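Asks: Before I ask anything, let me first share the structure, which is written out below as structure tokens.
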Amino acid sequence: METLKYNPDIFDLDVTPLREVNQFLHGDASGLNGKSVVIENPNGAHNIAVGLKSDIDVTIKGHAGYYAAGMNQIAKVTIEGSAGSGVAENMMSGVVHVKGFASNAAAATANGGLLIIDGDAGLRTAIALKGADVVVGGSVGSFSAFMAQAGNFVILGDAGEGLGDSIYEAKIFVRGTVKSLGADCEEKTTSPEDRKILADLLVKSGHADVNPDSFQQYGSARTLYHFHVDNAGAY
Amino acid sequence: MSDDKTKDAVHKTPQTTPRYSATFDEYTNSEIRRAAATGIYDIRGAGSKRKLPHFDDLLFLGASVSRYPLEGYREKCGTDVVLGTRFAKKPIHLKTPVTIAGMSFGSLSGPAKEALGRGATAAGTSTTTGDGGMTQEERGHSTTLVYQYLPSRYGMNPDDLRKADAIELVIGQGAKPGGGGMLLGQKITARVAKMRCLPEGIDQRSSCRHPDWTGPDDLEIKIAELREITDWEKPIYVKIGATRPYFDVALAVKAGADVVVLDGMQGGTAATQEVFIEHVGLPILAAIRPAVKALQDLGVYRNGKNSVQLIVSGGIRNGADVAKAIALGADAVAIGTAALIALGDNDPHLEAEYQKLGTTAGAYDDWHEGKDPAGITTQDPELMKRLDPIKAGHRLANYIAVMTMEAQVVARACGKSHLHNLEPEDLVALTIEASAMAQVPLAGTSWIPGVTKF
Ligand SMILES: Cc1cc2nc3c(=O)[nH]c(=O)nc-3n(C[C@H](O)[C@H](O)[C@H](O)COP(=O)(O)O)c2cc1C
């Protein structure tokens, strides 16, 4: 358990409407930087702590609905329970940590920052990833990293069907088994640079004890980058 | 038979003139040959090129004895429009109902985006970003800028979302309802690639479904997220390609849209498969009335603050089209192709260059190849220099002013003190098809196929 840095502001979603909480969290950075905020009784509400843009630490004491910490910038958001669809979608920077499970499309299109999911994640995790880092402690569902463009995606458990379908330049590291690879996704040998990226992410996400050499890397075979009659079957 | 005899027979038997097949016409045959040679479908820009039932098939009934007209120039005929009254703290106020449709930076050059911004701002209307994000050229020169939120989310970033005046959540486009974007390698220059986070020079195919929601219940949560992030300030538009307009509009409204943008199959595109452009979707004429019916059934049609506004697009060319779209129930229109022509696209003065590209002015549609001699649909730094954004912006502003005035001419003739007072009762149709689609009577009759008995 991390300890809170300053006097936390405590919002109880049973009492304060989410709109007011989010409005507060969007306040002027000078007043928010370095602050810690606790949100109690989230009860699966959607859109908690979306659009944050200052150096603030938010802890959600329970389960969050869709799009928790969506489009996050700079802030650190911890969800002590599980997260619904699209947690940290389109995140730009900062850290989002889900202590439970995450539903579908976690980190969809995320451009930067780090999403840590301690448990399993659903379908289409890291779909269209655009540069963020994603570490999943458990397994991920089918069609994860679909069209992933950039960023690093670490899976400590297994991956479902069609992993990395139509992937661009994102890197995937899987410790367990992969049910099947999607079109144009292939096994890669891990370079020393990539091994370092992986090792750093394992440390940052609380998995320092896990051996980076126990992962298989995947990425784009780059055969679908250009329209070509020979690829017609894959279109 | 000797050769001489055959010759004689040829001379004596009357010959029929060479006859092309209506089914296997010249274009069709050329496409078969192209497909046979390449093994890949045809990709092009622009909208449907076939003849479709359209606004030309409608006429206004001016005023006469039973209704009286307004004096041109002296009596006021309002043209302003307010969009996003339902939930947004800051609705959009425009001087004219003619808006600029979303066209991506990437498909269009920087100077073209700047020209659109300049022209629209001078005309008192809005421009819209597109697949690929917001550029400084456009934000800087557009007083009112609508930010598109698309399935690909290329260049999507919350700072730009907050900089926008409205947000348009794009579900589909009339040219390709059910399809994603396409931008071929020639146009994925370093700048475009960086904005979209893609490798330079690849043939980009963007997704057709949003990555983090499926279905109308999710859409409602997604719209709520966009509102939360922007603190409920900005109107949220939902753009759909015309396919099942009644249901799609109803679901968009229920999901919380402030404005619905409805794009018919004539609507232009930067690039997609020819088969998609010509064979999927409805002409805009057939889509407006069902969309308006959905708004009416949900109690949000022209109902004060609690209204959802309707913007329609797809083949809008002049003030008559604007007036007809509004008479059928739209609050505003959007123009894409026409705006590009006003900037200088397909201009006859470039005929020699179009010839070199194997085409002719007015027919050039290989926008995906990025060789546009007018400097509009290109990322070539030399070609784009040819477009002067100030002059082109002027032309666009002039053109929008003409469209607006033309719509006023028609509205005054029908006795209306505001364009929005035009109504279906002001219209008749020239063809049975148009009559059925627009649900206005066939000229000279009281017959509306599907509504009244002949
Ligand atoms: C060059 C070009 C690029 C376009 N890019 C987009 C886009 O990025 N997003 C979108 O929703 N629609 C896009 N469209 C469609 C327009 O927004 C609009 O729906 C259409 O142009 C309207 O029909 P019109 O061209 O007949 O006026 C594009 C159209 C053109 C011509």
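The values are calculated or read from the model by the stated rules, or taken from the named source; none is laboratory data. For clarity, every value in this text was computed on a predicted model and none was experimentally measured. With ideal geometry, Cβ positions are generated from the backbone for all residues, glycine too; neighbour counts draw on all protein chains shown. Only protein heavy atoms, including side chains, enter the accessible area calculation; ligands, DNA and RNA are left aside. Shrake-Rupley method; radii C 1.70, N 1.55, O 1.52, S 1.80 Å.
Asks: Please report the net charge: other residues with Cβ closer than 11 Å to the Cβ of B:ALA294, K and R +1, D and E -1. Walk me through the numbers on the way to the answer.
Replies: Values: positive: B:ARG244, B:LYS254, B:ARG289, B:LYS293; negative: B:ASP248, B:ASP297.
Spelling it out: positives minus negatives among the neighbours equals +2.
Asks: Taking the C-alpha atoms of segment A:35-106, how large are the radius of gyration and the largest Cα-Cα span, Dmax, in Å?
Replies: 10.3, 30
Asks: Given the options A:SER166, B:CYS77, B:GLY47, identify the residue whose Cα lies farthest towards the positive end of the charge dipole of the protein assembly as shown (+1 on Cβ of Lys, Arg; -1 on Cβ of Asp, Glu).
Replies: Selected residue: B:CYS77.
Asks: Would you mind working out the accessible area per residue for segment B:78-222, using a 1.4 Å probe, and quoting it in Å²? Don't jump to the answer; show the numbers that get you there.
Replies: Working: 4250 Å² over 145 residues.
For segment B:78-222, the solvent-accessible area averages 29 Å² per residue.
Asks: Please give the length that would be gained between B:TYR246 and B:GLU274 if that part of the chain were fully extended, namely 0.36 nm times their separation in residues minus their C-alpha to C-alpha distance (nm, one decimal).
Replies: So the chain would gain 7.4 nm between B:TYR246 and B:GLU274.
Asks: Could you compute the FRET efficiency for A:ALA208 and B:GLU425, with r as their C-beta to C-beta distance and R0 at 51 Å, rounded to 0.05?
Replies: Computed FRET efficiency for A:ALA208 and B:GLU425 comes out at 0.10.
Asks: Over the Cα atoms of segment B:328-454, Rg to Rh with Kirkwood Rh, two decimal places?
Replies: The Rg/Rh ratio comes out at 1.14.
Asks: Using label points projected 7 Å from each Cα along Cα→Cβ, tell me how many nm separate B:TYR68 and B:LYS305, to one decimal.
Replies: 3.7 nm
Asks: Quick one: Cα centre-to-centre distance for segment B:113-182 and segment B:354-410, in angstrom?
Replies: Here the two parts' Cα centres lie 18 Å apart.
Asks: Apply the Debye scattering formula to segment B:66-126, with a single equal point scatterer on each alpha-carbon and no solvent, then give log10 I(q)/I(0) at q = 0.23, 0.26 Å⁻¹.
Replies: -0.98, -1.06
Asks: All other residues with a Cβ under 11 Å from the Cβ of B:PRO235 taken together, and with Lys, Arg as +1 and Asp, Glu as -1, what is their net charge?
Replies: Net charge around B:PRO235: +1.
Asks: Rg/Rh for chain B to two decimals, with Rh computed the Kirkwood way over all alpha-carbon pairs.
Replies: Numbers: Rg = 23.6 Å, Rh = 23.1 Å.
A ratio of 1.03.
Asks: Next up: Take chain A, connect every pair of alpha-carbon atoms lying under 10 Å apart with a spring to form a Gaussian network, then pick out the residue of A:ASP165, A:ASP57, A:ASP28 with the largest mean-square fluctuation.
Replies: A:ASP28
Asks: Another question, if that's okay. Over segment B:259-306, how many percent of alpha carbon pairs lie in each 5 Å bin up to the one with the longest distance?
Replies: All Cα pairs considered, the percentages come to 5, 17, 24, 17, 13, 11, 8, 5, 1.
Asks: With the Cα gyration tensor of segment B:74-231 in hand, convert its eigenvalues to equivalent ellipsoid semi-axes via √(5λ) and list them largest first in whole Å.
Replies: Whole-Å semi-axes of the equivalent ellipsoid: 27, 21, 14.
Asks: DSSP H helices in chain B with Cα extent of 24 Å or more along the helix axis and mean Kyte-Doolittle hydropathy at least -0.5?
Replies: TM-like helix candidates: B:389-413.
Asks: Using the Karplus curve 6.51 cos²θ - 1.76 cosθ + 1.60 with θ = phi - 60°, work out ³J(HN,Hα) for each residue of segment B:439-449 in order, rounded to whole Hz, and write x for Gly and Pro.
Replies: Going residue by residue, I get 6, 10, x, 4, 3, x, 10, 10, 8, 10, x Hz, with x marking Gly and Pro.
Asks: Also, quick follow-up: Counting only C-alpha contacts under 8 Å and six or more residues apart, can you give the relative contact order of segment A:10-234 as a whole percent?
Replies: Normalised by residue count, the contact order of segment A:10-234 is 10 percent.
Asks: Still on this model: Compute the FRET efficiency between B:HIS349 and A:ASP14 as 1/(1 + (r/R0)^6), taking r as their Cβ-Cβ distance and R0 = 51 Å, and round to the nearest 0.05. Before the final figure, lay out the partial values.
Replies: Working: r = 69 Å, r/R0 = 1.35.
Approximately 0.15, to the nearest 0.05.
Asks: Let me ask something else about it. Write down the Å³ per residue value for the convex hull defined by the alpha carbon atoms of segment B:28-89.
Replies: 263 Å³
Asks: Would you work out which of B:PRO235, B:VAL260, B:ILE288 lies farthest towards the positive end of the dipole of segment B:212-326, given +1 charges on the beta-carbon of Lys and Arg and -1 on that of Asp and Glu, about the Cα centre?
Replies: Looking along the dipole axis, the top candidate is B:ILE288.
Asks: How many percent of all Cα-Cα pairs in segment B:1-141 sit more than 18 Å apart?
Replies: Beyond 18 Å sits 79 percent of the P(r) for segment B:1-141.
Asks: If one puts a single equal scatterer on every Cα of segment B:148-241 and applies the Debye formula without solvent, what log₁₀ I(q)/I(0) results at q = 0.12, 0.13, 0.14, 0.20 Å⁻¹?
Replies: Debye output, listed in q order: -0.42, -0.49, -0.57, -1.05.
Asks: Pick from A:ILE127, A:ILE39, A:ILE117 the residue whose mean-square fluctuation is largest in a GNM of chain A, springs joining Cα atoms under 10 Å.
Replies: Between A:ILE127, A:ILE39, A:ILE117, it is A:ILE39 that shows the largest mean-square fluctuation.
Asks: Using a probe of 1.4 angstrom, how much of the accessible area of the protein assembly as shown is carbon and sulfur, in percent? Write out the running numbers ahead of the final one.
Replies: Details: 15310 of 28140 Å².
In the protein assembly as shown, the share of accessible area belonging to carbon and sulfur is 54 percent.
Asks: Taking every pair of alpha-carbon atoms in segment B:204-251, what share in percent sits in each 5 Å bin, from 0 to the bin with the longest distance?
Replies: Histogram of Cα-Cα distances, whole percents per bin: 5, 16, 22, 25, 20, 10, 2.
Asks: Same structure again: Considering only protein heavy atoms, what per residue accessible area in square angstrom results for segment A:122-215 with a 1.4 angstrom probe? Please list the in-between numbers first.
Replies: On the way: 3570 Å² over 94 residues.
For segment A:122-215, the solvent-accessible area averages 38 Å² per residue.
Asks: Right, something else. How much length is gained on full extension from B:ARG317 to B:LYS12, taking 0.36 nm per residue of separation minus their Cα-Cα distance?
Replies: 104.4 nm
Asks: So what is the 222 nm mean residue ellipticity for chain B from helices alone, if each DSSP H run of at least 4 adds -39500 (n - 2.57) and you divide by all residues, rounding to the nearest 500 deg cm²/dmol? Numbers along the way, then the final one.
Replies: Details: 16 runs with 159 residues, N = 454.
Calculated from helices alone, the mean residue ellipticity at 222 nm is -10500 deg cm²/dmol.
Asks: Can you find, among B:ALA37, B:GLY215, B:TYR27, the residue sitting farthest towards the positive end of the charge dipole of the protein assembly as shown, where Lys and Arg contribute +1 and Asp and Glu -1 at Cβ?
Replies: B:TYR27
Asks: Something else: Just grab the label-to-label distance for B:LYS453 and B:VAL409, each label 7 Å out from Cα along the Cβ direction, in nm (one decimal).
Replies: Going from the B:LYS453 label point to the B:VAL409 one covers 4.2 nm.
Asks: Related question: Give the dimensionless ratio obtained when the Cα radius of gyration of chain A is divided by 2.2 N^0.38 Å.
Replies: Details: Rg = 18.1 Å, N = 235, 2.2 N^0.38 = 17.5 Å.
Cα Rg divided by the expected 2.2 N^0.38 Å: 1.03.
Asks: Size of the dipole of segment A:10-234 about the Cα centre, Lys and Arg at +1 and Asp and Glu at -1 on the beta carbon, nothing else charged, in debye to 20? Intermediate values should be presented prior to the final figure.
Replies: Working: 16 positive and 25 negative charges, 39 e Å.
Computed charge dipole of segment A:10-234: roughly 180 debye.
Asks: What residue among A:LEU201, A:LEU13, A:LEU156 shows peak mean-square fluctuation when chain A is described by a Gaussian network model with Cα springs under 10 Å?
Replies: Evaluated over chain A, the most mobile residue of the options is A:LEU13.
Asks: Going 7 Å from the Cα of B:SER30 in the Cα-to-Cβ direction, what parts of segment B:320-356 have a backbone nitrogen less than 19 Å from that spot?
Replies: Answer for this model: B:346-348, B:350-356.
Asks: What would the Debye formula give as log10 I(q)/I(0) at q = 0.05, 0.09, 0.12 Å⁻¹ for the alpha-carbon point model of the protein assembly as shown, no solvent?
Replies: Evaluating at q = 0.05, 0.09, 0.12 Å⁻¹ gives log10 I(q)/I(0) of -0.27, -0.81, -1.29.
Asks: Roughly how big is the B-A contact, given as buried accessible area in Å² (both sides, 1.4 Å probe, nearest 100)?
Replies: 3200 Å²
Asks: What ratio of Cα Rg to 2.2 N^0.38 Å holds for segment B:401-454?
Replies: In units of the globular-protein estimate, segment B:401-454 measures up at 1.31.
Asks: Another one. Points 7 angstrom from Cα along the Cβ direction at B:GLN186 and B:THR360: gap in nanometres?
Replies: Result for the modelled spin labels: 2.1 nm.
Asks: Let me ask you something else. Which translational diffusion coefficient, to the nearest whole µm²/s, is obtained for segment B:295-363 from the Stokes-Einstein equation, given a Kirkwood hydrodynamic radius over C-alpha pairs, 25 °C and 0.890 mPa s? Walk me through the intermediate numbers first.
Replies: Details: Rh = 14.5 Å.
Rounded to a whole number, D works out at 169 µm²/s.
Asks: Suppose every K and R has +1 on its Cβ and every D and E has -1 on its Cβ; what is the size of the dipole of segment B:43-422 about the Cα centre, in Debye to the nearest 20?
Replies: Dipole about the Cα centre, nearest 20: 740 debye.
Asks: Viscosity 1.306 mPa s, temperature 10 °C: Stokes-Einstein D of segment A:46-161 from its Kirkwood Cα radius, in µm² per second? Intermediate values should be presented prior to the final figure.
Replies: Details: Rh = 12.9 Å.
Translational D for this selection: 123 µm²/s.
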